[in-house]
Ligand SMILES: Nc1ncnc2c1ncn2[C@@H]1O[C@H](COP(=O)(O)OP(=O)(O)OP(=O)(O)O)[C@@H](O)[C@H]1O
Ligand SMILES: [Mg+2]
């Protein structure tokens, strides 16, 4: 088995719905390995977004522990974990509309605790180039880029912070099939060539088919799908 980077251990979570408790995650455990591309499938309402919110410390589980490199993220500090260890890519690209692509990428380098040596802007251009955004596009306000290009900028932001764990909730949900394929291909490259761990929630079987491990959220637990 490869190195475990991220672990969900005995996670439970429920919502109070009309005065009644509804269990969404039920003693869920899973270990994610470094350098692998995971997808999570499951019907609408099964708790995928809830699970991601807990994984990226935007919400706290009722029970259970989230571990990054064997450390409980509660001990690490939730803010520190969010700022330095993970990147999140959403369906809505989560970019700052009034900035250019390169400014969006640069802005992420400002907030992390790690010191970046060299000219941040030049590094940002390089990262953008790596995901297929050339300088002339990087200098455009992001609202003047296509959906696929904006998602590439969002992925470049994730790379700018140089984190090893990238989480996504339907990041290609707004893209056409061909663009989706490109963006997923890019994420796959990041996993296999840059040793990043990618965990994507998706409704698309095509996307899931491209991942190394296909997971299904069912009855509050994660199951590996046969490929
Ligand atoms: N704040 C809340 N209070 C009560 N119930 C909630 C709350 N947030 C989510 N839920 C319910 O919890 C269940 C799981 O929601 P969640 O958003 O995690 O599902 P999902 O698997 O991401 O669905 P989708 O595929 O539609 O995005 C749903 O039935 C939802 O209505
Ligand atoms: Mg959801």
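Readers should treat all values here as calculations from the given coordinates under stated rules, not as data from a laboratory. What you see is a predicted model; the values in this text were computed from it and never measured. Cβ: placed from backbone, ideal geometry, glycine included. Neighbour counts: every protein chain shown.
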The helix 120-130 Cα axis meets the longest alpha-carbon principal axis of the chain at an angle in degrees, between 0 and 90 and rounded to 10, of 70
Ranked by GNM mean-square fluctuation in the chain (Cα springs under 10 Å), the top entry among 22, 34, 157 is 22
From the Cα centre of segment 60-88 to that of segment 124-141, the distance in Å is 31
DSSP beta bridges in the chain: the antiparallel percent, rounded to 5, is 55
Once residue 178 and residue 83 are pulled to full extension, the length gained, defined as 0.36 nm per residue separation minus their Cα-Cα distance, is 31.0 nm
Within the set 207, 183, 134, GNM on the chain using Cα springs under 10 Å gives the largest fluctuation to 134
Using alpha carbon centers only, segment 1-52 is separated from segment 172-199 by a whole-angstrom value of 21
For residue 16, placing the label point 7 angstrom along Cα-to-beta-carbon and taking segment 37-62, residues whose amide nitrogen sits under 11 Å are none
The FRET efficiency for residue 139 and residue 33, from their Cβ-Cβ distance with R0 = 45 Å and rounded to 0.05, is 0.75
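If I stretch the segment between residue 111 and residue 129 completely, what's the gain in nm (0.36 nm per residue apart, minus their alpha carbon distance), one decimal?
Contour length minus the Cα-Cα distance gives 4.3 nm.
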Connecting every pair of Cα atoms under 10 Å apart in the chain and solving the GNM, the largest mean-square fluctuation among 61, 43, 171 falls on 43
Site residue 60, offset 7 angstrom along Cα→Cβ, radius 19 Å on amide nitrogen, limited to segment 11-34, gives 11-16, 24-28
